[in-house]
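Asker: My structure is below; once you've seen it, I'll send some questions.
The values are calculated or read from the model by the stated rules, or taken from the named source; none is laboratory data. None of the values given here were measured: they were computed from a predicted structure. Quick reminder, even Gly has a Cβ in these numbers, built from the backbone with ideal geometry, and neighbours come from all protein chains shown. Ligands, DNA and RNA are stripped out before the accessible areas are found, and what is left, the full protein with its side chains, is counted by its heavy atoms. Shrake-Rupley method; radii C 1.70, N 1.55, O 1.52, S 1.80 Å.
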Amino acid sequence: MIEISHVNKWYGPTFQVLKDCTTSVAKGEVVVVCGPSGSGKSTLIKCVNALEPFQEGQIILDGIKVNDPKTDLPKLRARVGMVFQHFELFPHLRIIENLCLAQEKVLGRSHDEAVAKGNKLLERVGLTVHANKYPAELSGGQQQRVAIARALAMDPIAMLFDEPTSALDPEMISEVLDVMVDLAHEGMTMMVVTHEMGFASKVAHRVIFMDKGEIVEDALKTDFFGSPRSERAQKFLSKILSH
Amino acid sequence: MFDNLDFDVIRRSLPYLFLDGMSFTLMLTGLSALGGLVFGTLIALMRLSSYRLLGSIAGLYVDFMRSLPLVLVIFWFYFLVPYIGQWLTGASRPIRVGAFTSSLVTFIMFEAAYFSEIMRAGIQSISKGQPAAASALGLTYAQSMRYIVLPQAFRNMLPVLLTQTIVLFQDTSLVYVLSIPDFLGAASKVAQRDGRLVEMYLFAAAVYFAISCVASYGVRRLQARIAIVR
């Protein structure tokens, strides 16, 4: 589904953020990307739907080359859902309008169709009563669940999560992770940048460990948690799991 | 000193002052603000675009307009617009353009420079995550601007835009150099016809002051309301 091969990216002439990154996510697979901050994991996931350009290598999404100038990027992006660290709901629109806008403007669904779909997804994330509120009236956890519903409303073929729980208070993390676990169990293809190792050990098929722009380790979940091969991954795991 | 003042001249000329003068002033202010906002937003988008050339053209335009006294621009446009019209249409002689059209074009062009800087600040005040989220949903650049970025930028900037419009309302009085009967022009016509300069100019000042004051108060109220909603 997602094929990333030999991707190199520089900021400016000298600072290389991604170094020869190669990996893939198969259909129905859940891949967790972790690593210390500044390791390039967010940048890599943003390259997948071309929110970030990269200079070398290629990424193929469902058979379409992302970094081909002829690719219709808006059309391609509409097929992949993305959830951001800071939710990025549209503050001037009501919750239901947040869910409907792209359905109508991008997919060309009728307003009634979009509202029906939106309500169904709000029910799924348990937020039906908030449909007519504005994002600022909701808690962080609720906003992030709306953001997931907004992405799902587009019937995506895969979902990208960029640190979806990093900006949340601890008591709100589980309500967001619950939604993501359900999604994974339904067989959604997911690429998730996160530090939530509990989530990784529960639903991930594979774990990718990045450091300084490189993919240091790309292993099956059991191998990664059982016996990480690289020293850097061992260090990272011991730090993150010690508390 | 005020013995020989005749304030009745004001009462007698009220219909002319307001029905002709003030309605012209308000119309010019309203249309200029609207046109300036549309044109200004376009310039702001040009300035923020990733095409360097568009950005420099827009920047040059803004600097140019903001470095010239408004009176001079009004004058120049009044004499230039007929020739530009001739050049554009290929007519054999300069196109006749009414004083209203000429001053409207001037104010739109001039105010666009100021509005564009306000809108630019407004657009830059929106976090980068918003257009990123819009793109991730498949919205095109134009759709993201229209539905996500500009509505928020406009809302953030509304008080400043309205304040600029109040300044514009006062600036429209400069069309007197074209002897157009806007509110000030009408007042000065009556003043000179009846020899009542002091009365008429005092009254004109009072009217501009009152309207601007009330409008500023309205903007402050609106600002407080927007602040609560957030």
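Asker: In nm, give the distance between the simple-model label positions of B:Y51 and B:Q170, each being 7 Å from the Cα along the Cα-to-Cβ direction.
Answerer: So the label points at B:Y51 and B:Q170 sit 3.9 nm apart.
Asker: How many partner chain Cβ atoms sit within 10 Å of a residue's Cβ in peptide A:84-91, on average, as a whole number? Don't skip to the end; give the middle numbers.
Answerer: Values: counts 4, 1, 4, 2, 11, 2, 9, 6.
Rounded to a whole number, the mean comes out at 5.
Asker: Still on this structure, please answer the following. Give, rounded to the nearest 20 debye, the magnitude of the charge dipole that chain A has about its Cα centre when Lys and Arg contribute +1 at Cβ and Asp and Glu contribute -1 at Cβ.
Answerer: Details: 27 positive and 31 negative charges, 52 e Å.
Once rounded to the nearest 20, the dipole reads 260 debye.
Asker: Here's a follow-up. Any chance you could look up the accessible area of A:D155 with a 1.4 Å probe, heavy atoms only, rounded to 10 Å²?
Answerer: Looks like 80 Å² after rounding.
Asker: Now, a different point. What FRET efficiency would be calculated for the residue pair A:D223, A:A26, taking the C-beta separation as r and a Förster radius of 25 Å, to the nearest 0.05? Don't jump to the answer; show the numbers that get you there.
Answerer: Values: r = 17 Å, r/R0 = 0.67.
So the FRET efficiency works out to roughly 0.90.
Asker: State which entries of A:K41/A:K133; A:K65/A:K120; A:K133/B:K128; A:K70/A:K212; A:K75/A:K212; A:K75/B:K128 exceed 28 angstrom in Cα-Cα distance in the structure shown.
Answerer: Working: A:K41/A:K133 33 Å; A:K65/A:K120 33 Å; A:K133/B:K128 24 Å; A:K70/A:K212 31 Å; A:K75/A:K212 32 Å; A:K75/B:K128 21 Å.
The answer is A:K41/A:K133; A:K65/A:K120; A:K70/A:K212; A:K75/A:K212.
Asker: Quote to one decimal, in nm, the extra length available between A:R79 and A:K235 on full extension: 0.36 nm per residue of separation minus the C-alpha distance between them. Mind dumping the intermediate values first?
Answerer: On the way: separation 156, 0.36 × 156 = 56.16 nm, distance 3.71 nm.
Residue separation times 0.36 nm, minus the Cα-Cα distance, leaves 52.5 nm.
Asker: Quantify how strongly other chains surround peptide B:124-136 by giving the mean number of their Cβ atoms within 10 Å of each of its Cβ atoms.
Answerer: Working: counts 0, 0, 1, 2, 1, 5, 6, 2, 8, 14, 8, 8, 19.
Mean partner-chain Cβ count within 10 Å for B:124-136: 6.
Asker: Next question, about the same structure. Could you check the simple spin-label distance between A:N8 and B:T89, using points 7 Å along Cα→Cβ, in nm with one decimal?
Answerer: 6.1
Asker: Could I ask something else about it? Based on Cβ point charges of +1 for Lys and Arg and -1 for Asp and Glu, what charge dipole magnitude is obtained for region B:8-229 about its Cα centre, in debye rounded to the nearest 20? The partial results should precede the final answer.
Answerer: On the way: 17 positive and 9 negative charges, 87 e Å.
So the magnitude is around 420 debye.
Asker: Let me ask another. Please compute how much accessible surface disappears when A pairs with B, both sides summed, using a 1.4 Å probe, and round it to the nearest 100 Å².
Answerer: Working: alone 11470 and 13610 Å², together 23490 Å².
In total, this chain pair buries about 1600 Å².
Asker: Would you mind computing, in nm to one decimal, how far apart the modelled labels at B:V177 and B:A142 are, each placed 7 Å from Cα along Cα→Cβ?
Answerer: 3.9
Asker: On average, how many beta carbons from a partner chain sit within 10 Å of the beta carbon of a residue in B:28-35? Intermediate values should be presented prior to the final figure.
Answerer: Working: counts 0, 0, 0, 0, 0, 0, 0, 0.
That average works out to 0.
Asker: At a Förster radius of 56 Å, what calculated FRET efficiency corresponds to the Cβ-Cβ distance of B:L31 and A:Q58, to the nearest 0.05?
Answerer: For B:L31 and A:Q58, the calculated efficiency is 0.60.
Asker: Can you give me the span-like helices of chain B, meaning DSSP H runs with 20 Å or more of Cα extent along the axis and Kyte-Doolittle mean at or above 0.5? Walk me through the intermediate numbers first.
Answerer: Details: long enough: B:23-48 (37 Å, 1.63); B:52-66 (21 Å, 0.75); B:70-89 (27 Å, 1.73); B:99-124 (37 Å, 0.89); B:150-171 (28 Å, 0.66); B:197-229 (48 Å, 1.28).
Flagged H segments are B:23-48, B:52-66, B:70-89, B:99-124, B:150-171, B:197-229.
Asker: Restricting to region A:2-241, what percent of DSSP beta bridges are antiparallel, rounded to 5? Before the final figure, lay out each step's value.
Answerer: Working: 20 of 36 bridges.
Restricted to region A:2-241, the bridges split so that about 55 percent are antiparallel.
Asker: Note the angle between two axes, namely the Cα long axis of helix A:111-124 and the longest principal axis of the Cα atoms of chain A, as a number of degrees from 0 to 90, rounded to the nearest 10.
Answerer: Tilt relative to chain A: about 60 degrees.
Asker: Along the positive direction of the dipole of the protein assembly as shown (beta-carbon charges: Lys, Arg +1; Asp, Glu -1; about the Cα centre), which of B:A121, A:Q103, B:L202 reaches farthest?
Answerer: The residue sitting most towards the positive pole is B:L202.
Asker: Helix A:140-152: angle to the longest alpha-carbon principal axis of chain A, degrees 0 to 90, nearest 10?
Answerer: That helix lies at roughly 90 degrees to the long axis.
Asker: I would also like to ask the following. In square angstrom, rounded to the nearest 10, how much accessible surface does A:E97 have for a 1.4 Å probe?
Answerer: 80
Asker: Quick one: work out the % antiparallel among DSSP beta bridges in region A:144-243, nearest 5. List each step's numbers first, then the result.
Answerer: Numbers: 6 of 10 bridges.
The answer is about 60 percent antiparallel.
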